[in-house]
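Chemist: The structure's right below; bear with me while I get my questions together.
The values are calculated or read from the model by the stated rules, or taken from the named source; none is laboratory data. Since this is a predicted model, take the numbers as computed values, not measurements. Heads up, the Cβs are rebuilt from the backbone with ideal geometry, glycines too, and the neighbour counts pull from every protein chain shown. Just so you know, the surface numbers come from the protein's heavy atoms only, side chains and all, with ligands and any DNA or RNA stripped out. Shrake-Rupley method; radii C 1.70, N 1.55, O 1.52, S 1.80 Å.
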Amino acid sequence: MKKIIFTLALTILLNIIHAQIKDPKATEVWEPEPRAIMGSYNGSAPSDAIILFNGSNADAWWHGDSSNVNWKVDGESMTVQRGTGAIYTKENFGDCQLHIEWTAPTEIKGEGQGRGNSGVFLQNMYEVQVLDSYNNRTYSNGQAASIYKQSMPLVNAMSPPGEWNTYDIIFKAPTFNSDGIKTSSAFITVIHNGVIVQNHTEIRGTTPYIGLPKNPAHGDGPIQLQDHGNPVKYRNIWIRKL
Ligand code: MG
């Protein structure tokens, strides 16, 4: 008897659920509502982005010793000044969407890693390579838009020296537990000049010149732009926290 009542109740319940699912409204979600913003048009910063550089000053940045940026700012771009050192955002970031534009020097000097080398480091740890990879062969996992020494880009979408490149980077930060053990890797998507070159690539750890990736525990960190001694220019840099 109990079994019959149970079966009957279950049938009625399933019928009710089934009836609801037939109603298109049953699967509509109304809350919360995504907030409205102004999007990005031809590289312009979305209305909710943090502007890191718009040509007028480098106030969002400093060198490693917290001194003012010694790179050349000309109203549109800033140029790496050899020997002044890398620059870092004053603010720290974790998961983010970063837009950055850069151009390799028009004076063709050096070859391989010695031509137009700089770099965009997420959390001051993970380098998306900046390099003049236009008719300039180097190791594939060290060319422009590589995750340095880890992951080569899917294609070489490089603009010629003097013409602007865009990187649109979507970055998911790694996580660590309270013992300092990595519990999930960083992941990165990079779009170079409108072309996907890193498709949700796992970052296995730091991106050193020599040796294997390491995984020291860390929290949010600055964006670093590398001084590799070459006069690479940057412009129109904005970021959105995710
Ligand atoms: Mg570099």
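Chemist: Taking the condition under 22 Å from the mean Cα position of the chain (by Cα) and open to solvent by 50 Å² or more (accessible area, probe 1.4 Å), does GLU101 pass?
Modeler: no
Chemist: Continuing with this model, one more query. Only one of VAL155, VAL197, VAL190 is within 16 Å of the ligand (Cβ to nearest atom) and either farther than 20 Å from GLY94 by Cα or part of a loop (DSSP other than H, G, I, E, B) (or both); which?
Modeler: VAL197 is the lone residue from the list that is within 16 Å of the ligand (Cβ to nearest atom) and either farther than 20 Å from GLY94 by Cα or part of a loop (DSSP other than H, G, I, E, B) (or both).
Listed here are the residues, each with its yes/no results for (1) open to solvent by 50 Å² or more (accessible area, probe 1.4 Å); (2) within 13 Å of the ligand (Cβ to nearest atom); (3) more than 22 Å from LEU242 (Cβ to Cβ).
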| residue | (1), (2), (3) |
| --- | --- |
| GLU111 | yes, no, yes |
| ARG115 | no, yes, yes |
| GLY119 | no, yes, no |
| TYR126 | no, yes, no |
| ASN135 | yes, no, yes |
| ASN141 | no, yes, yes |
| SER146 | no, yes, yes |
| SER151 | no, no, no |
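Chemist: Related question: Could you list, in sequence order, all residues of region 192-238 that are in contact with a Ser or Thr (Cβ under 8 Å, 6 or more places away or on another chain) and hydrophobic (A, V, I, L, M, F, W, C)?
Modeler: Once the filter is applied, which keeps residues that are in contact with a Ser or Thr (Cβ under 8 Å, 6 or more places away or on another chain) and hydrophobic (A, V, I, L, M, F, W, C), region 192-238 yields ILE196, ILE203, ILE223, LEU225, VAL232.
Chemist: Based on this model, can you work out whether GLY194 counts as at positive phi, open to solvent by 40 Å² or more (accessible area, probe 1.4 Å) and over 12 Å from the mean Cα position of the chain (by Cα)? Break it down stepwise before answering.
Modeler: Values: at positive phi: yes; open to solvent by 40 Å² or more (accessible area, probe 1.4 Å): yes; over 12 Å from the mean Cα position of the chain (by Cα): yes.
In short, yes.
Chemist: Sort out which residues of region 86-104 are within 14 Å of the ligand (Cβ to nearest atom) and either outside any strand (DSSP E or B) or polar (S, T, N, Q) (or both), and write them in order of number.
Modeler: ALA86, ALA104
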